[in-house]
Amino acid sequence: MAAIYKRELRSYFHSMIGPVIVAVLVAFTGVYFMAYNLNAGYPYFAYTLSGALIVFLAIIPILTMRSFSEERKNKTDQLLLTAPISISKVVLGKFFSMATVLLIPNLIFCLFPLIIKAQGNAFFLVDYTSIFSFFLLGCVYISIGMFLSSLTESTIIAAISTFGVLLVLYLWKGIMQFMPSSAISGLVGVIVLLTILVSYIFQMTKNWLISGAIEVVGVIASIVTYIVKSSLFDNLLGNWLGKLDLTSIFTGIVENNIVDVSGLVLYLSIIAVFIFLTIQTIQKRRWS
Amino acid sequence: MIEVKNLVKKYGNHLAVDHLSFQIEKGQIYGFLGPNGAGKSTTMNIMTGYLGATEGQVMINGHDILKEPEEAKKCIGYLPELPPLYTDMKVEEYLQFVAELKKIDKKKREEEMEQVMKLAKLMDVRGRLIRNLSKGYRQRVGLAQAMIGFPEIIILDEPTVGLDPKQIIEIRELIRTLAKDHTVILSSHILAEVREVCDYIMIIAKGKLVASDTPQNLEHLMEGSEEIELTAKTTPENVHSILKKVNHLGEVELKETEEGTYAKVEVLDDADVKDDIFFAFAEAKCVLSSLQTKQVSLEDVFLELTGEEQSLEETTRNDRELIEESDRANRAADESAEEDESVEVDLEREEQRTTDECASEPGETEQVQIKQVSEEEKEDGSDL
């Protein structure tokens, strides 16, 4: 793992992608910092960070697009997969190297509250927690981008699809307002989600029996539940999917000074899920 | 050492490897031979753990490649068809990375890297970016990558494809050096190469193992009736009447050429009739400009075993076309050699080997060597 981590990190800083990402993120945040904190005199650095969140949409796809698609295109994955090292270590090595690239600007951000302090009052606890949460959210985005990169051989497709997914996540709160709230739409939503899950299971296992059985049992169970107690499905979609509003966990710290621990756990779980999915995708490709 | 049992690999409905089984013993050079798309690379990819098999088992030194992948992979150095190089790294950096990846002891790392770079003759380019290296050097970096850590088994997938004759000779020498204390498996669609380097040949066609033996035994496999070829400075009718007087001769095939008459004679009962033919022509005061036994070559075995649809006539016609083509190629090579001294030296070396080979295998014409050159020039074996 250490070998891959070191190689990846070196590669990011040889190829200018690393420095450019650090520079863009710091410069953009610097502009917001000047406008909000220095000019307007607002003492919270966290607020500045929430403005910089949109930069992730542009830089994370560029950071993650090459991670697996390029290896596959250049056939260098043959070296990694025939070396005496497990796939999970390859994936973790790559993930940590990308996280390290993202960590560098976040470490620089740690200086900004000190500058505010030099000018007067600063709120260190809020600011540093928000920097930590900002970094963690970036890692969630990295894990998603890495997974999408492992699905394709083209870096361009990897970048664009990552951008699309991140954009949807960024606008999640707004999209959720359009979710229908009636019980029947909740039922339909549950069945659609179930079908997506089952089709993924079928893709991975190629087993009609298991995936078919899960689908049938799931559909029957939801319909029976709907008939017995339809109120359970009221507003279900909005409630469930609303929990996936990742940015609000970060902005919650900024706006209300509330740290949502369950939200941070959700961040970590999503990272774990996408790392797992990346490993599975690579494993699966060996067998197809 | 390596045990492959009942290996099957399916790509959708296409059967790439079809119930392949073989064993590989220590300390020899094995050659996988087969036309393009025969399943050589797929088999190697499965053996090294890059691909999973649909069915079957691969044991490396007693470790199953699927159940104990790390133990099994430690015993293998693999050079795939396309060397897996990170072009944004320097040669030295790259080898350092591979050494680390293969979990070589930190203390030994430097020493082994030096050794490997010396063997692969990479000392001059150690500080250069791989991106800027030529194809030949990239291949050598790939080879160095496979050698690092000196694993017991070294698997090379078409190691000489796309190299010039000088580099091919160098790589072959390197493979021979490696074979002194490693087991080497290499794949190729070039017969001459496999014959040149390998102790043991496995011929694969359409995912099946069709033959596996030493090169000599494979040639014996095809030996049935012997044939004699001769050219005489006289008319076909004369040749026919002279040959009639010699015993143990079967069918005679005659053809008039510029120099006289070419005849192909079948020999019956394994008799040694060369002397008799010579004296018969001497008695008739007829000049015999050539007389030789035609031997079955590895090419014939290969074509027989791999080309089911091709009729024999078709293959011989292809052979002739090939020879003509390679003659042209040879002439071109000679011309370019005159321009470049260093290449000339190599061609001389090649010629030296050609004559050596002819000496060790009497009767076999230069066809093999010529063919080899032509195949190397074309860089693919679509003709087979």
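The values are calculated or read from the model by the stated rules, or taken from the named source; none is laboratory data. Model, not experiment: these values are computed from the prediction. Every residue, glycine among them, receives a Cβ derived from its backbone with ideal geometry; neighbour counts consider all protein chains shown. Calculation scope for accessible area: heavy atoms of the full protein, side chains included, ligands and nucleic acids excluded. Shrake-Rupley method; radii C 1.70, N 1.55, O 1.52, S 1.80 Å.
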Output ³J(HN,Hα) for segment B:148-161: one whole-Hz value per residue in order, computed from phi by the Karplus curve 6.51 cos²θ - 1.76 cosθ + 1.60 with θ = phi - 60°, and x for Gly and Pro.
4, x, 6, x, 5, 10, 10, 10, 10, 9, 6, x, 10, 5
Can you tell which of A:147, A:123, A:96 shows the greatest fluctuation in a Gaussian network model of chain A with Cα springs below 10 Å?
A:123
What does DSSP give for the protein assembly as shown in terms of the percent of beta bridges that are antiparallel, rounded to the nearest 5?
70
If each DSSP helix of 4+ residues adds -39,500 (n - 2.57) and the sum is divided by the residues in the protein assembly as shown, what number results at 222 nm, nearest 500 deg cm²/dmol?
-19000 deg cm²/dmol
Most fluctuating residue given options A:218, A:263, A:252, as computed from a GNM of chain A linking Cα atoms under 10 Å:
A:218
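With a 1.4 Å probe and every protein chain kept in, tell me what percent of the accessible surface of the protein assembly as shown is carbon plus sulfur. Working shown, then result.
Values: 18400 of 32290 Å².
Solvent-exposed carbon and sulfur of the protein assembly as shown make up 57 percent of the total.
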³J(HN,Hα) computed for each position of segment A:253-265 - Karplus, 6.51 cos²θ - 1.76 cosθ + 1.60, integer Hz, glycine/proline x
5, 5, 7, 10, 6, 10, 8, 8, 4, 4, x, 5, 5
Overall Cα dimensions of segment A:92-198, principal axis frame, Å, largest first:
57, 40, 21
Considering only protein heavy atoms, what per residue accessible area in square angstrom results for the protein assembly as shown with a 1.4 angstrom probe?
48
Between the chain alone and the structure with every protein chain in place, find the residues of segment A:1-15 that drop at least 10 Å² of accessible area; heavy atoms, 1.4 Å probe.
A:3, A:4, A:6, A:7, A:10, A:11, A:14
Among A:238-248, B:95-105, A:19-29, how do they line up by average Cβ neighbours within 10 Å per residue, starting with the highest?
B:95-105, A:19-29, A:238-248
Mind listing the long-range amide H neighbours of residue B:186? Cut-off is under 5 Å, sequence gap 5 or more, other chains count too, H placed in the peptide plane at 1.01 Å from N.
B:30, B:31, B:32, B:156
Using all alpha carbons of segment B:2-220, what is the percent of pairwise distances in each 5 Å bin, ordered from the shortest bin to the longest?
1, 7, 15, 19, 20, 16, 12, 7, 2, 0, 0
Which ³J(HN,Hα) values in Hz, rounded to whole numbers, follow from the phi angles of segment B:230-238 under the Karplus curve 6.51 cos²θ - 1.76 cosθ + 1.60, where θ = phi - 60° and Gly and Pro get x?
9, 10, 10, 8, 7, 7, x, 4, 4
How large is the dipole of segment A:36-136 about the Cα centre if only Lys and Arg carry +1 and Asp and Glu carry -1, each at its Cβ, rounded to the nearest 20 debye?
260
What residues does segment B:87-104 have that are buried by at least 20 Å² of accessible area in the full protein assembly compared to the chain on its own, 1.4 angstrom probe?
B:88, B:89, B:93, B:97, B:100, B:101, B:102, B:103
Please state, as a whole number in µm²/s, the translational diffusion coefficient that the Stokes-Einstein equation yields for the protein assembly as shown at 25 °C and 0.890 mPa s, with Rh defined as the Kirkwood radius across alpha carbon pairs.
81
Would you mind checking which residues have amide H under 5 Å from residue B:204's amide H? H placed 1.01 Å from N; only 5 or more apart, or other chain.
B:33, B:34, B:210
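Kindly compute the accessible surface that chains B and A hide from a 1.4 Å probe when together, both sides summed, and give it to the nearest 100 Å². Don't jump to the answer; show the numbers that get you there.
Values: alone 20060 and 14860 Å², together 32290 Å².
The summed interface area works out to 2600 Å².
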